[in-house]
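Read-outs throughout are calculated quantities, based only on the coordinates presented, and are distinct from any laboratory measurement. Remember, predicted model here, so these are calculated numbers, not experimental data. Cβ placement follows ideal geometry from the backbone for every residue including glycine, while neighbour counts extend to all protein chains displayed.
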Amino acid sequence: MVLLRREMGDVLRERRQGQGRTLREVSAEASCSLGYLSEIERGEKEASSELLASICRALDLPLSQMLSDVADRVSLVEAADTQMTALLTDGLARPLAQGQVRRRGDQVVSAA
């Protein structure tokens, strides 16, 4: 399951680190405590829309761009989940029929 707060935190952290800035610098500019900003970046806390806007301003990152980046990340996770589900339902998770299984010592091997 995708957690939006985790994806948002990753986008914000990557932007901050890409600018070579510290949590202390960004938290001061965003008027947010250092500890709270750290929890947001780790996906442990959900920031209000007002605080997200303030953090984005401090990072010179348009809020719309941050949300677009998060949407792209969520889309990738959903696509991967869809592919995994398709693989599992197309046979990898299907049990073997009675005649398809044979034993070799203590091991069970497929007859196919």
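For region 26-90, the square roots of the Cα gyration tensor eigenvalues, ordered a ≥ b ≥ c, give a/c of at least 1.5 with a/b greater than b/c, which places it in the prolate category.
Placing +1 on each Lys and Arg Cβ and -1 on each Asp and Glu Cβ, with no other charges, gives region 1-58 a dipole about its Cα centre of roughly 120 debye. Net length available on complete extension from V74 to R42 is 9.9 nm, with 0.36 nm assigned per residue and the Cα-Cα distance removed.
The stretch between E50 and Q19 holds 8.9 nm of extra length on full extension. This uses 0.36 nm per residue minus the Cα-Cα distance.
With 0.36 nm allotted per residue and the present C-alpha distance subtracted, the A86-R6 stretch has 26.2 nm of extension available. What the Cβ-Cβ distance of L63 and L34 gives, at R0 = 22 Å and to the nearest 0.05, is a FRET efficiency of 0.55.
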